Structures are given as structure tokens and as C-alpha cells.
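Notes to accompany the following structure.
The values are calculated or read from the model by the stated rules, or taken from the named source; none is laboratory data. A quick note: this is a predicted structure, and the numbers were derived from the prediction, not measured. Here the Cβ positions follow ideal geometry from the backbone for every residue, glycine too, while neighbour counts run over all protein chains shown.
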Amino acid sequence: MPVIEYKCPNCGSGMVFDGNTGMLSCPSCGRKDNIEQIPDPLKKQVFIEDEVKEYHCNSCGAVIVTEPETSATTCSFCGSAVVLSDRLSGNLAPVMVIPFSITKEEAMKAFKKWCRNGLLTPGGFMTADRIKGITGMYVPFWLYELHNRVEVHARGTKVRTYTRGDYQYTETQHFDIYRKIRLNYVKVPIDASEKMNDELMDKLEPFPYQQLKEFKTPYLAGYIAEKYSQNDEQLYPRAKEKISSYIDSYISTAVSGYTTVSYTNKQIDTTLKQADYVLLPVWMVHYDYNKSEHTFAMNGQTGKVVGKPPISKAKVAAWFAGISGVSLLSLKLISWAMGGGFL
Amino acid sequence: MRRRYTLWAVLFLLVVYWMVPAGAVAAEDMKPLIFDEANLLSPEERNELNAMANEYGAKRETDFMILTVNSVPNDDYELWTENFYDEYAPGYDKPHGNTVILTMVMSARDGTRNVHLEGYYKAEKYLDSGRLTKIRSKITPDLSNGNYKQAFEKYIKTAHRYMGFEPGVNPDNILFNIWFQLGSAAAIGAIAVGIMAYRSGGRVTVNRRTYEDASTSGIMDHQDRYIRTTTTKRKIERNTGGGSGGGGGGGVTRGGHSHSSSSGKF
Ligand SMILES: [Zn+2]
Ligand SMILES: [Zn+2]
């Protein structure tokens, strides 16, 4: 049976992961189990190689509605937390997970607060009373360890100007620059879910890596989880692209003290040391506003919210006019102070 | 919210104040300030300019005068203008008071046409010879083309505007230009709102150090080899006049009234 459920040993109710305590807890009797100490039922499973077409809820027997990527969800009939173990084992077994530390209620509160603080969002949006759904989701990520050997050749100049008599002299010293740099990046995250917006996921960073735990399925109980839809090789170019701006900025700080620098040769040799498959906690908020749906994501550990909120034209106009007005007033004061008259 | 509305109201009033010139002067209070002996203007144009000179002059407490003649004795238009000031005794505040005079001499003996400006008292201080020269160069193209009315209007407006600046500052400094000020204010507003809109969706808060393993990263080898030095020299342009400093002009009438001045052909 590839479906795992967590039955409370005391009362038989379905247990879920509780972000507040970090334990598997029973909502009925309040029993709490330390996940790091209980054996993961996944490890005891024996799998059939065949791809399973249908999953049935252990509690009520209903067919569990899933998408092909879903690896954990709740039964839509009885509400039991279910984990689809065949989508979390073998190649698909995550190495580590960062569990949620922000609960659904806290996420809701934090999101409403974020809406209220929006400087340009319309008044109706700020009340945040149209939240259509909030889903806790473990999003698959690859954490890359990338080692780089960088060799740079450049031409640099140092310019000095001084005045002698009626002439201004510009003295330019030319230098030949060489740098050999070792630059290692660890745990560079790239989201491995095709349907997640890459830009949104990038803005959710950083995730607190000190919260990384060895993966165990009970962490997923009560949440949605997905398996990766792109493997580490497919996403390697994105990882390289992500660090290339970091490398460039490191190089420019390594070549400092010059007036101008022009690179004649830049050689970056990147080796992929490791790519770990991990699940990271994200609250997805669906919000209905003016008949269109807006999607926001919240880091399930830090509470950082990202996503494009609607922009109020009136507020944009008000801020524009306010800032411009104050600027104009300041410019007027400056010109007045310079003897230019105020009006 | 309330405070914002107050700010609006103040801004609006200021803008209205800048845009609308001060109230018109009633016709009976008007002083004759345009003496068009050379007949460059139609009677309507003369009246219009006279009203304008009265209105703008009142705001600066200075008589803005225009004198046009066909010729003056010995072509000495400076002496002629000084004598006019001594004898006619113009002035906004008192006889022999604040006055700026634009004299046009249409046919000198050498066949040229001359324009001459003098500023007395407040106008001597606020329209020094440098500023008078600026005004003259602004109106010369119109004078050369025979657009006298336009040139005279420009003279009145520019003189009025320049007198709003403290003596010694460059009245044409771009910082004092209302369009520059409006433009910069709008640009600041647009950039600020643009940044706010851009950041409304959350921003990237990781930098190049976030994922760097500092313990194993670093510069392994470096070399900075000096090759050569090149030197270029440039002659320093010394400031030759310009700006608002009074260059040349100025003098004292026989009656002992000191003035600034600027003159040229057109
Ligand atoms: Zn229980
Ligand atoms: Zn069920």
C-alpha cells in the first residue's frame, strides 16, 4: 500500500504536523510525538515497480484526487492526512526538509498585515477579506554546491589630475591585472517544480538552513507536498546563471583601487559538487480581487511575502503628487536660500 | 489623511499664486512710461505695453520705461538718457527714484540703430550692468527683426523676473527655472513611485555572500603589473567676465544719479 497515514495510537484520529511545536500532533486528544524519534513508516515499505494509477484513502476508502506531482495531500472526503510514499522514495526521496514553523493562523495573520502595509495597494485589498484559499505546500528544491575556479586578466588605469600654472595635467598609469580566485557556493536553491513561478520562488529566499532536518514523512502530514518535475541536471544551467552575477560582483571587488578596469579575459570553470533534493515550506495564498485571482507566496519559516499585489491608480497619483509637491517645495526653498526668490 | 489634504490645499494655493500675475492696475492710476517718439508702435500697442509696464513695475517698485527716438545729439545716447533722467525725474517711489530705462535710437549718423539700457537706484542694484546686458542680448534678435512690441514685452518681463533675484546671483541659473523645478520634482515623484511599485511584489534579499562558502573561497593568486604612464595636459580656460558681474557699463548723471548700463547695436 503506497499510502501512508498517521493514526493516533491513543484515539485513532489522524495526526498532523504542528509547526508551532515541530511535532506530530493529534488534534483530538492532544498527543504529541517527536518526529526525529519515531520510525518513518516510509523506510519499512516495499514498493512495486509499477506506476500506481490510483490511491485510496486508508480511512474511508475513497479515491484520493491527486495531480501527477502531488506527494502529500489530504483526503478530500474524510480530511485525513495522506502521504503517497512511492512518490517520495527511490530517486524521489528528499534528503532533507525544512518543516513549517508558521502555522496556518499565523500565516493568515501575517498575510493580512502585509496587505495592510501595502503603500500602493487599493483600500479594498488592504482589508484582506477575500482570501480564497491558503495552502501549506512543501515545494521541491535542489540545493547545489558549486565550486568555481576563476581566472581573470584585465587592464586597469589609475588617473591623477593636478594643476601646474595654466595647465591641468591628467596622469594615467596603466596596469596589467591578474587574479586567480577560488569561489565556492553551497546550498544554492533552485525550485524544481515546473508550475511554481521561478521569480516568485527566488524572492522567497533566504530559507533558514539551520532548520534543515533529515527528511521524514510525518513532517508532511496535513500539508501538500510535491515531487520534483525537473531533475538536478536539467536545472544545472539555472543554478550556474544564478551564481554568475555573484561571481562577477566578487571579481569586481577583487580588482579594486583602479579608476577604470576592462577585462580582457575572464575564465570561469564551474564544477557541480553536489545537488541535494530538499522540500522547503511555502504558504500559497490565493486572493480574489476585482474578479481576478492574485497568487502570493509566503516563506513558511521567515514569513516573507512575495507576489504582485494590485496597484491603486489613485494611490499612485496621490504618492506621486505628494512626493513631487514636497520636492518642488524643497527646490523652491533651495533656490530661495541661494537668492533666487521663493515665488 | 487630514494632514495630507492640508498639504494639498497649501500646494494648490502656491501653484495658483505662481501662475496668475498680480491683479491689473486700474487705468486712471497708470503713469505714462512709454515715449514712442520714433513711432515704432501703434496706439493700441502703446497702451497695452504701458499697462503692462505699470503692472509689472508695481510689483518691483520700479518704473519700467521705454524711450524711442530717431536721433540724439552727437549720437550720445548715454548722455541723452542721463539728461532725460535728470530732467524728467522718473521713479516709482519718488522723483529721481527706482527706474530702468530702455532707449532706442533708430538712426545714428553712421547709419546704425542702437539700444541702450540704464538702471537707477533699486534697479541699479538689482539690474546691474551684467543683467542689463543679458536682457539686451535676449531682445536684440526681436529688435533686429522689427518685432518691437514683442521685444518690449520681453524686456519688461525679463527685467521684472531678474529683479526677483538677489544681486550677485546668476538669474539664469537653471535651479531658478520654474520648469526645471517642476520637471525635477515630477521626476523625483515618478522615480519614487516607480521604486515603490517595483518593490510592492517583494524584492530579492539575498546577495553574493548569502551562499558563498567564505572558508574555502578567496583570491589564490594576484598580480598588478605596472606598464606605463601617459600624461595629457589641457590649458585652463580662465573665466572671462560672463555671469552677473557688471562688465564695463555704469556711470553718473550730471545731476549726480549713479546708474548701471548696457548698450549695443541691432
Ligand atoms: Zn489522539
Ligand atoms: Zn478519506
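Filter the stretch B:204-220 for residues that are facing chain A (nearest Cβ under 7 Å), more than 58 Å from the chain's Cα centre (by Cα) and polar (S, T, N, Q) and give the result. Scanning the stretch B:204-220 gives B:T216, B:S217.
Could you tell me whether A:I48 is more than 15 Å from ligand 1 (Cβ to nearest atom), assigned to a strand (DSSP E or B) and at pLDDT below 90? No: the conditions fail for A:I48. Across the stretch A:78-97, which residue is nearest to the other protein chains (Cβ to nearest Cβ) among those that are surrounded by fewer than 21 Cβ atoms within 10 Å (Cβ to Cβ) and within 16 Å of ligand 1 (Cβ to nearest atom)? The extreme case among them is A:G79.
Taking first residues from the stretch A:54-65 that are within 15 Å of A:V83 (Cβ to Cβ) and within 8 Å of ligand 2 (Cβ to nearest atom) and partners that are in a loop (DSSP other than H, G, I, E, B) and of a type in the set (S, T, N, Q), the Cβ contacts under 8 Å between residues at least 6 apart in sequence or on separate chains come to A:C57/A:S80; A:N58/A:S80; A:S59/A:S80; A:I64/A:S76. When the stretch A:296-334 is limited to residues that are assigned to a loop (DSSP other than H, G, I, E, B) and among the small types (G, A, S), the one that is surrounded by the fewest Cβ atoms within 10 Å (Cβ to Cβ) turns out to be A:G303. When the test is whether a residue is assigned to a helix (DSSP H, G or I), under 24 Å from the mean Cα position of the chain (by Cα) and farther than 30 Å from A:S262 by Cβ, B:A197 does not pass it. Among the residues of the stretch A:1-32, those identified as surrounded by fewer than 16 Cβ atoms within 10 Å (Cβ to Cβ) and within 13 Å of ligand 1 (Cβ to nearest atom) are A:K7, A:P9, A:N10, A:C11, A:G12, A:P27, A:S28, A:C29, A:G30, A:K32. Might you check whether a residue that is touching a Pro at 6+ places or on another chain (Cβ under 9 Å) and more than 17 Å from A:M338 (Cβ to Cβ) occurs anywhere in the stretch B:156-179? Yes, the stretch B:156-179 contains at least one residue that is touching a Pro at 6+ places or on another chain (Cβ under 9 Å) and more than 17 Å from A:M338 (Cβ to Cβ). Among the conditions (1) over 30 Å from B:I188 (Cα atoms); (2) in contact with a Ser or Thr (Cβ under 7 Å, 6 or more places away or on another chain), A:G307 misses just one, which is (1). For the stretch A:278-294, the count of residues that are buried (at least 17 other Cβ atoms within 10 Å of the Cβ) and small (G, A, S) is zero. Residues that are among the aromatic types (F, W, Y), within 14 Å of chain B (Cβ to nearest Cβ) and buried (at least 19 other Cβ atoms within 10 Å of the Cβ) within the stretch A:199-250 comprise A:F207, A:Y246, A:Y250, listed in sequence order.
Against the conditions (1) more than 24 Å from B:S42 (Cα to Cα); (2) not in a helix (DSSP H, G or I), B:A185 satisfies every one except (2). Only one entry in B:E44, B:E48 is of a type in the set (D, E), exposed (fewer than 10 other Cβ atoms within 10 Å of the Cβ), modelled with pLDDT of 90 or more and over 18 Å from B:F84 (Cβ atoms), namely B:E44.
Here A:E106 meets the list (1) more than 20 Å from the chain's Cα centre (by Cα); (2) of a type outside the set (A, V, I, L, M, F, W, C); (3) assigned to a helix (DSSP H, G or I) almost entirely, failing just condition (1). Residues in the stretch A:183-198 that are surrounded by fewer than 23 Cβ atoms within 10 Å (Cβ to Cβ), facing chain B (nearest Cβ under 9 Å) and among the hydrophobic types (A, V, I, L, M, F, W, C): A:V186 only. Of note, B:G189 does not satisfy the criterion of being touching a residue at least 40 places away in the same chain (Cβ under 8 Å) and among the small types (G, A, S). Note on the stretch B:143-155: residues that are in contact (Cβ under 8 Å) with a residue 12 or more places away in the chain and either polar (S, T, N, Q) or out of contact with any Asp or Glu (no Cβ under 9 Å at 6 or more places or on another chain) (or both) total 3.
Residues that are modelled with pLDDT of 90 or more and touching a Phe, Trp or Tyr at 6+ places or on another chain (Cβ under 9 Å) occur in the stretch B:162-170; there is at least one.
With respect to the numbered conditions (1) within 30 Å of the chain's Cα centre (by Cα); (2) part of a helix (DSSP H, G or I), which one is the sole condition not fulfilled by B:P167? Result: B:P167 passes all but (2).
Each residue in the stretch A:174-189 was checked for being among the hydrophobic types (A, V, I, L, M, F, W, C) and over 17 Å from the mean Cα position of the chain (by Cα), and 4 of them qualify.
A quick yes/no check of all residues on (1) within 14 Å of chain B (Cβ to nearest Cβ); (2) buried (at least 21 other Cβ atoms within 10 Å of the Cβ); (3) of a type in the set (G, A, S); (4) in a strand (DSSP E or B):
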| site | (1), (2), (3), (4) |
| --- | --- |
| A:P99 | no, yes, no, no |
| A:G118 | yes, no, yes, no |
| A:D129 | no, no, no, no |
| A:G133 | no, no, yes, yes |
| A:G136 | no, yes, yes, yes |
| A:F141 | yes, yes, no, yes |
| A:E145 | yes, no, no, yes |
| A:R149 | yes, no, no, yes |
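Going through (1) surrounded by fewer than 22 Cβ atoms within 10 Å (Cβ to Cβ); (2) closer than 23 Å to B:E124 by Cα one by one, B:A38 falls short only on (2).
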